[in-house]
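Notes follow the structure.
The values are calculated or read from the model by the stated rules, or taken from the named source; none is laboratory data. It should be emphasised that the depicted structure is a prediction, and the values quoted were computed from it without experimental measurement. Note that we place each Cβ from the backbone using ideal geometry, even for glycine, and neighbour counts take in every protein chain shown. With ligands, DNA and RNA removed, areas are computed over all heavy atoms of the protein, side chains included. Shrake-Rupley method; radii C 1.70, N 1.55, O 1.52, S 1.80 Å.
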Amino acid sequence: MTTVDQQTRRRIARTGLTALDEARACPSYTLYASHNGPGIVYLLDLQGREVHRWTLPYPPGLYGYLLPNGNLFYMGKVHDQTWDRFPSWHRFKGGVLLEVDWHGNVVWEYHDPNHHHDARRTASGGALYLAVEQVPPELEAKVQGGVPGSAPQGMWADVLIEVDASGRREWEWHACEHLDVEKDIITFNDARREWSHANTVVSLPGERVLVSFRNISTVAIIDKRTGDFVWKLGCDVLAQQHDPSLLANGNVLIFDNGAHRLDQAMPASRVIEVDPATNQIVWEYRDAPLYNFFSPYISGARRLPNGNTLITEGNFGRMFQVTPDKQVVWEYINPEFTTGPDGVTADNAVFRATHYLPEEISAFG
């Protein structure tokens, strides 16, 4: 066993189902894919048993989720001509969006070599997704923050794109045109290769879009009609966050990774619920001591129908439910250890997991 294997196994001493309080856990199925796996998507029951799997033709780029019709919407990673466009691009690039049925048959497919991280199926039968474009050199020179001289190949920023079922572009939004060079500052020790580094995009009612920009520690809502920001939460609260979602009460749930937090030296993650009317935190999950819960990259959080929260501590493949009073009532550690694109072995990371009630899965109806 290599040193890397030993270190990882000390961090993840057990795998599979490691905790279950059936009386308090939300009755559910959990869907996930190994971040660096070959393209297998797993559906687990509450006892941690695999009840279904999809074997897809692409590795995850970076995850998938179930649609109301019971099909799987999946983002795949394509090893194409953009693979080495800048260091780290291959870690989070996608390239293909798929809708597949219960048996893995492709019913819709769309390719864009600039796609990365996230996409959402839309009512038109198309998708809203994240892409990148190069920042003009004259604008790049004005962007603040990051490590000087760390982008010899230039800077990239996000484009939000919506296509219809035929792949025709219906809407797009360019970060370069809307970010503020004085306020939207790259984290001090990140490379200047990316200005924004979005990791989440979500369609909202009222022609709005929710988006998360990791490199400037910002979650925002965009008015699709004007392109303007109608709400922003920045680095005074967040630290390189992931997976914001709008809750039924109007609040926003966020996995706040905690890398390079401005007001705290010790890196630690937390999950927060924020009231966008005041930008105040109204609920928070942390561990004790704080550093026991920390994923510097990826990860997510979703509120469940019974009030619990499903949390993905992504770097360590840990998925768990906590109650509103912050008790862990279900926990599952991804047992699949794979080799990532950088050659790192014994990696069981999970980008994010999603949750479904039994009645939400039509194949079990």
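Checked against (1) in a strand (DSSP E or B); (2) open to solvent by 20 Å² or more (accessible area, probe 1.4 Å); (3) of a type in the set (Ser, Thr, Tyr), Tyr297 passes all but condition (1). Can you find a residue in the stretch 331-348 that is aromatic (Phe, Trp, Tyr) and in a loop (DSSP other than H, G, I, E, B)? Yes, because at least one residue in the stretch 331-348 is aromatic (Phe, Trp, Tyr) and in a loop (DSSP other than H, G, I, E, B).
Of all residues in the stretch 300-317, those satisfying the criterion of being farther than 18 Å from Phe351 by Cβ and open to solvent by 50 Å² or more (accessible area, probe 1.4 Å) are Arg303, Pro305, Asn306.
Rundown of residues vs (1) more than 19 Å from Val163 (Cβ to Cβ); (2) assigned to a strand (DSSP E or B); (3) in contact with a Cys (Cβ under 9 Å, 6 or more places away or on another chain); (4) not basic (Lys, Arg), yes/no style:
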| residue | (1), (2), (3), (4) |
| --- | --- |
| Tyr42 | yes, yes, no, yes |
| Gly48 | yes, no, no, yes |
| Trp54 | yes, yes, no, yes |
| Thr82 | no, no, no, yes |
| Val96 | no, yes, no, yes |
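Scanning the stretch 269-290 for residues that are hydrophobic (A, V, I, L, M, F, W, C), surrounded by fewer than 20 Cβ atoms within 10 Å (Cβ to Cβ) and modelled with pLDDT of 95 or more yields Ala277, Ile281, Val282, Trp283.
Identify all residues within the stretch 65-80 that are of a type outside the set (A, V, I, L, M, F, W, C) and either open to solvent by 10 Å² or more (accessible area, probe 1.4 Å) or in a loop (DSSP other than H, G, I, E, B) (or both); write none if there are none. Residues satisfying the conditions are Tyr65, Pro68, Asn69, Gly70, Asn71, Lys77, His79, Asp80.
Taking Phe320, is it out of contact with any helix residue (DSSP H, G or I) (no Cβ under 7 Å at 6 or more places or on another chain), of a type in the set (Phe, Trp, Tyr), open to solvent by 40 Å² or more (accessible area, probe 1.4 Å) and modelled with pLDDT of 95 or more? When the stated conditions are applied, Phe320 does not pass them.
Yes or no, residue by residue, for (1) open to solvent by 20 Å² or more (accessible area, probe 1.4 Å); (2) in a strand (DSSP E or B); (3) out of contact with any helix residue (DSSP H, G or I) (no Cβ under 9 Å at 6 or more places or on another chain); (4) closer than 24 Å to Asn251 by Cβ:
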| residue | (1), (2), (3), (4) |
| --- | --- |
| Ser150 | yes, no, yes, no |
| Ala165 | yes, no, yes, no |
| Asp184 | no, no, no, yes |
| Asp236 | yes, no, yes, yes |
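Among the numbered conditions (1) modelled with pLDDT of 95 or more; (2) surrounded by fewer than 21 Cβ atoms within 10 Å (Cβ to Cβ), the only one that Arg214 does not meet is (2).
Of all residues in the stretch 234-257, those that are over 17 Å from Thr278 (Cα atoms) and acidic (Asp, Glu) total 2. The residues of the stretch 344-365 that are under 29 Å from Ser88 (Cβ atoms) and open to solvent by 50 Å² or more (accessible area, probe 1.4 Å), listed by number, are Val344, Thr345. The single condition among (1) aliphatic (A, V, I, L, M); (2) part of a strand (DSSP E or B); (3) open to solvent by 20 Å² or more (accessible area, probe 1.4 Å) that Leu139 does not satisfy is (2).
Can you find even one residue in the stretch 196-207 that is open to solvent by less than 50 Å² (accessible area, probe 1.4 Å), modelled with pLDDT of 95 or more, closer than 16 Å to Arg121 by Cα and part of a loop (DSSP other than H, G, I, E, B)? No: zero hits. The lone criterion from (1) open to solvent by 10 Å² or more (accessible area, probe 1.4 Å); (2) outside any loop (DSSP other than H, G, I, E, B); (3) in contact with a Leu (Cβ under 8 Å, 6 or more places away or on another chain) left unmet by His90 is number (3).
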